[in-house]
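The next block holds one structure in the form of structure tokens; read it before the comments.
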Amino acid sequence: MGVILWAVFVAALSLVSGQRNPSISFISKETVTDIGATALLKCSVQFASESPVMWFKQASGHNVNDVPISTNNILIAQEPRFSIDREGDTVTLKISDIQESDQGTYECRVQISVRESISGTVLLAVRLKPVISDNSTRSVIVSEGETAEIACYATGFPTPEITWRRDNNFLLPTGKAIHRGNVLRMENIQKIARGTYYCVADNGVGRGSKRNVAVEVEFAPVITVPRPKVYQAMQYNMDLECLVEAYPPPSITWLKDGIVLNNNQHQMMSMFPITDQTTDSNLRTLTIEKKQYGNYTCRAANRLGTTESVVELVEAFIPVCPPACDVPGYSTNSRAPPLVLASAVLVAVLVGAVTAAGLRHH
């Protein structure tokens, strides 16, 4: 009897020792795919014929449970793009028409008992075209001589590369045509650096993403006088001009003998914006009298400074045309004033004399 019991015990021990614990022999490596493509996530298990093999999508936040997708060949998640195929020891999770929300970590889990399980994970990465983030610079205003920084950040997979350029292929203040990196730093910036910059985020997916950044450089007025000295006869008009470059736009005034001029019967002022930082200021002196000859000051001021330049109006004996042609009584269709007529006669006489002398010589 004892021999029989011993034989049963040995047989039972052999049966128990012959059972092996389940194991995962293979799981897909990190998978990178495009939007709209199909991904196959494979998990091969051994000695798990009595244990369920499940797929989960791991939660990306705290206090959030993993999302169950399937158990064995039964789909739990109600997602028509997902399907499960079990062939032998391999359980395959198929995800069709990949969406951005599908990216994440997927877990293949073998539940051995209530308290015991084994698992393996695979990362599913989805290629995403770059999108420039809202925390990127849209515009910046600095004063001349200061340091300006403009930044550009973008999301996407793979991580996008950021490059900077200037509009119209102008050189950057760094002296180069292209700058690589999220931040473009411009030290001791000058007014010439004012304009449109743009960053491009590119990772090889799609056509990349672009954003324009306006860089405004504030500077004190700079005045250019095309004609520092102008001549005109009495009783005729003359234009005095100064070109003012400044940002923010300046206030422009004309002075004579320290007195600010206003529009009246003796002068008329006008402003012609050329660009958003350049203004052509014109002072027209009307029907010039003796007291109107002298120095006129063009003054431009903004919050960064004040600049002045002088234009001298000098008396002439012959009217300068234009603008003298613009006044009544002096035009191609009207009789010329005596001084102009006399000058024309004198010129004609001289030309005639030279011509006659040339004929006699021949």
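The values are calculated or read from the model by the stated rules, or taken from the named source; none is laboratory data. Keep in mind the model is a prediction, meaning the values are calculated, not measured. Cβ placement follows ideal geometry from the backbone for every residue including glycine, while neighbour counts extend to all protein chains displayed. Surface areas here come from the heavy atoms of the whole protein model, side chains and all, with no ligands, DNA or RNA. Shrake-Rupley method; radii C 1.70, N 1.55, O 1.52, S 1.80 Å.
I'd like the full set of residues that are surrounded by fewer than 16 Cβ atoms within 10 Å (Cβ to Cβ) and either touching a helix residue (DSSP H, G or I) at 6+ places or on another chain (Cβ under 6 Å) or in a strand (DSSP E or B) (or both), limited to the range 256-267. Before the answer, list the steps.
Going through the range 256-267, the residues surrounded by fewer than 16 Cβ atoms within 10 Å (Cβ to Cβ) turn out to be 257-260, 262-265.
Passing the criteria: I259, V260.
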Some residue of the range 131-150 being in contact with a helix residue (DSSP H, G or I) (Cβ under 6 Å, 6 or more places away or on another chain) and not small (G, A, S): yes
Which numbered condition D167 fails, given (1) open to solvent by 80 Å² or more (accessible area, probe 1.4 Å); (2) closer than 30 Å to N188 by Cβ: (1)
Pair list, Cβ < 7 Å and 6+ apart or interchain, from the range 107-134 residues that are under 30 Å from C199 (Cβ atoms) and without any contact (Cβ under 8 Å) to a residue 60 or more places away in the chain to residues that are open to solvent by 60 Å² or more (accessible area, probe 1.4 Å) and among the polar types (S, T, N, Q): S133/T155
Residue that is most open to solvent (accessible area, probe 1.4 Å), among those in the range 170-202 that are out of contact with any Pro (no Cβ under 7 Å at 6 or more places or on another chain) and among the charged types (D, E, K, R): R180
Any hit, the range 107-116, residues being in contact with a strand residue (DSSP E or B) (Cβ under 6 Å, 6 or more places away or on another chain) and among the small types (G, A, S): no
F272, sole failed condition from (1) without any contact (Cβ under 8 Å) to a residue 12 or more places away in the chain; (2) outside any strand (DSSP E or B): (2)
Every residue from the range 224-249 that is assigned to a strand (DSSP E or B) and surrounded by fewer than 20 Cβ atoms within 10 Å (Cβ to Cβ): T224, K229, V230, Y231, D239, E241, L243, E245
Matching strands (runs of 3 or more DSSP E) fully within the range 139-202 where at least 1 residues are among the basic types (K, R): 161-166, 183-186
Filter result (part of a loop (DSSP other than H, G, I, E, B) and surrounded by 12 or more Cβ atoms within 10 Å (Cβ to Cβ)) within the range 275-293: Q277, L286, T287, I288, Y293
Residue within the range 273-284 that is in contact with a Lys or Arg (Cβ under 6 Å, 6 or more places away or on another chain) and either within 20 Å of V230 (Cβ to Cβ) or assigned by the TED database to the domain that holds Q235 (or both) present: no
Some residue of the range 56-63 being open to solvent by less than 50 Å² (accessible area, probe 1.4 Å), part of a loop (DSSP other than H, G, I, E, B) and within 17 Å of S119 (Cβ to Cβ): yes
Single match in G206, G181, G156, G175 (criterion: on the phi > 0 side of the Ramachandran plot and under 16 Å from the mean Cα position of the chain (by Cα)): G181
